[in-house]
Amino acid sequence: MEALQERAKGAIFVEELNEIPDTDQPVIFSAHGVPKSVPQAAKARRMFAIDATCPLVFKVHMEAARHHAAGHEVVL
């Protein structure tokens, strides 16, 4: 039901960029973050992309990357 309400407002949720046709409409990345490859792929397709990753989530991602680079095993 919630997805139908969001669609009526103009928001369409997808799992993969290839589900999005060529458009000038903005593509907004989840507050939970997306893999680094997703913004790169959006840029390659010349999409108008907005990264809405929550700053707290971004911080956790950066800490995980830092620990991984230091040779630690990261478990979430």
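With all protein chains in place and ligands, DNA and RNA left out, the 1.4 Å accessible area ranks Ile20, Ile12, Ile50 as Ile12, Ile50, Ile20, largest first. Rolling a 1.4 Å probe over the protein heavy atoms of region 15-69, with every protein chain left in place, gives an accessible area that is 59 percent carbon and sulfur. The accessible-area ordering, largest first, of the residues Leu17, Leu76 stands as Leu76, Leu17, per a 1.4 angstrom probe.
Converting phi to 3J(HN,Hα) with the Karplus coefficients 6.51, -1.76 and 1.60 and the offset θ = phi - 60°, region 18-30 yields 5, 7, 9, x, 4, 7, 8, 6, x, 10, 10, 7, 3 Hz in sequence order, with x at every glycine or proline. Amide H to amide H, with H built 1.01 Å from N, Asp51 comes under 5 Å of Phe29, counting only residues 5 or more places away or on other chains. Here the 3J(HN,Hα) profile of region 54-65, calculated from phi with Karplus coefficients 6.51, -1.76 and 1.60 at θ = phi - 60°, is 4, x, 5, 5, 4, 4, 4, 4, 5, 5, 4, 5 Hz, Gly and Pro shown as x.
Residues Val74, Val57 ordered from highest to lowest accessible area at a 1.4 Å probe: Val74, Val57. Highest mean packing comes first when the peptides 26-33, 59-66 are listed by Cβ atoms within 10 Å, giving 26-33, 59-66.
Rounded to the nearest 500, the 222 nm mean residue ellipticity of the chain from helices alone is -11500 deg cm²/dmol, with -39,500 (n - 2.57) taken per DSSP H run of at least 4 residues.
The values are calculated or read from the model by the stated rules, or taken from the named source; none is laboratory data. The structure displayed is predicted, hence computed values, not measured ones. Every residue, glycine among them, receives a Cβ derived from its backbone with ideal geometry; neighbour counts consider all protein chains shown. Areas reflect the complete protein model, heavy atoms only, side chains present, ligands, DNA and RNA absent. Shrake-Rupley method; radii C 1.70, N 1.55, O 1.52, S 1.80 Å.
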